[in-house]
1. Rounded to the nearest 0.05, what FRET efficiency do Phe200 and Leu92 give with R0 = 45 Å and r taken as the Cβ-Cβ distance? Could you check?
2. Using the Cα centre as the reference, give the magnitude of the dipole from point charges on the C-beta atoms of the chain (Lys, Arg: +1; Asp, Glu: -1; all else neutral), rounded to the nearest 20 debye.
3. Residues with amide H under 5 Å of Ala238's amide H, sequence separation 5 or more or different chain, H placed in the peptide plane at 1.01 Å from N; which?
4. Under a point-charge model restricted to the Cβ atoms of Lys and Arg (+1) and Asp and Glu (-1), what is the dipole moment magnitude of segment 44-150 relative to its Cα centre, in debye to the nearest 20?
5. Describe numerically, in nm with one decimal, the distance between label points set 7 Å from Cα along Cα→Cβ at Leu120 and at Leu151.
6. Could you go through segment 192-208 in sequence order and give the Karplus-derived ³J(HN,Hα) for each residue, using 6.51 cos²θ - 1.76 cosθ + 1.60 with θ = phi - 60°, rounded to whole Hz, and x for Gly and Pro?
7. Can you count the Lys pairs in the chain with C-alpha separation below 29 Å, eight or more apart or on different chains?
8. Could you work out the relative contact order of segment 174-281? I mean the mean sequence separation of Cα pairs under 8 Å and 6+ apart, divided by the number of residues, in percent.
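The values are calculated or read from the model by the stated rules, or taken from the named source; none is laboratory data. This one's a predicted model, so the numbers in the text were calculated from it and none came from an experiment. Using ideal geometry, Cβ is built from the backbone for each residue, glycine included, and neighbour counts are taken over all protein chains shown. Side chains included, ligands, DNA and RNA excluded: accessible areas come from the protein's heavy atoms. Shrake-Rupley method; radii C 1.70, N 1.55, O 1.52, S 1.80 Å.
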Amino acid sequence: VNMQPIKNPLGRVFIHLSIWVFVLYNSVPFVWTLLQSLKTKKQANARTPLFWFEPTFEHYSELWLDKVPDNFAVLVFGIIAVFVTLILFSVLGKHLSISSVVVKLIILGTIVLTLWSIPLFVKTAEFYDYFVNTIIVGVGTVIISIGIASLSGYALSRYVGIAGVVLIILALAFRSLPRMAFGLPYFWMGQISGLYDSNFLVIIALAAVNQPFAIYMLRSFFMDIPREIEEAAMIDGASRFEAFIRVIVPIMWPGIIATSLFTLVLVYHEFLLVRILTLKNWTLAVAMQQYLGGISDSGSLPLKSAAAVSAALPLLIVILFYQKHLIKGLTAGAVKE
């Protein structure tokens, strides 16, 4: 059934107004936390909420840096300039006849190089290490999980038989088990192998836990792609794997990105498994307990707010950057002829 657009002017105004009210309502907590992070301790704990004040970034420097250097402003503007350049390069790369894969590799390499070089110029605090651990665990888990799930989901979508349905049900049942069911075996494996408190152990555990979800999502996307497309490629001489890589994956790219983003969100907020499998090599989800814990300590409210904003902002930027692909992936197959 095709949904007809609403042509009544009052109806359209009401819908747009409702959407804006919903967006503003959900944005208020983040905006207020951002304002709190830019206040002094006295301003943040004032009886009357302050909305107009002179912002300060001392709490962000305290959070990220062990010692504030004399050229701190130059360093901040340099990092901002690097990321603005990357954004412009990603936008202009489409018009420079550069492959999108090359553009993404250059951007990824620049980010990795920037993160690696920052500790060479300044003495970073523990929060920076937690941030780097989060990036390593998130990217590693997504690469392993999506790589395996793409092949598995494709195979299950092309397999005709009851066994494929049974495997999906078993995978989802495996996914629904409590985290403690996975934490203790992986803790034991980490102690025996010497990988305890390492990013590698966390990546392997999170990839295994989130694998059923990724397989289920990608299978549903693959099922919307007609078999005739890859069969035509195989008639032209391509093997099934070549048809999968060269024909199916480009069509499936929005679905792969959507699944990757959902997997990244799940990994980014994972607490229990990371807490069990690490001693001090934490990600941000676990590290936030030492910044947000102790609600009676109101004197550190700006620092807590700065930690909350710093932890939420990277994921927010990634989601906003890939929102177009995310929407395409979520709406893939929604329109039927």
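1. With R0 = 45 Å, the Cβ-Cβ based efficiency is 0.75.
2. Values: 23 positive and 17 negative charges, 130 e Å.
That gives a dipole near 620 debye.
3. Residues meeting the amide H criterion: none.
4. 420 debye
5. 3.6 nm
6. Per residue, the Karplus-derived 3J(HN,Hα) values read 6, 7, x, 8, 4, 6, 10, 5, 4, 5, 5, 4, 4, 5, 5, 5, 5 Hz.
7. 26
8. Numbers: 73 pairs, mean separation 52.2, N = 108.
Reported relative contact order: 48 percent.
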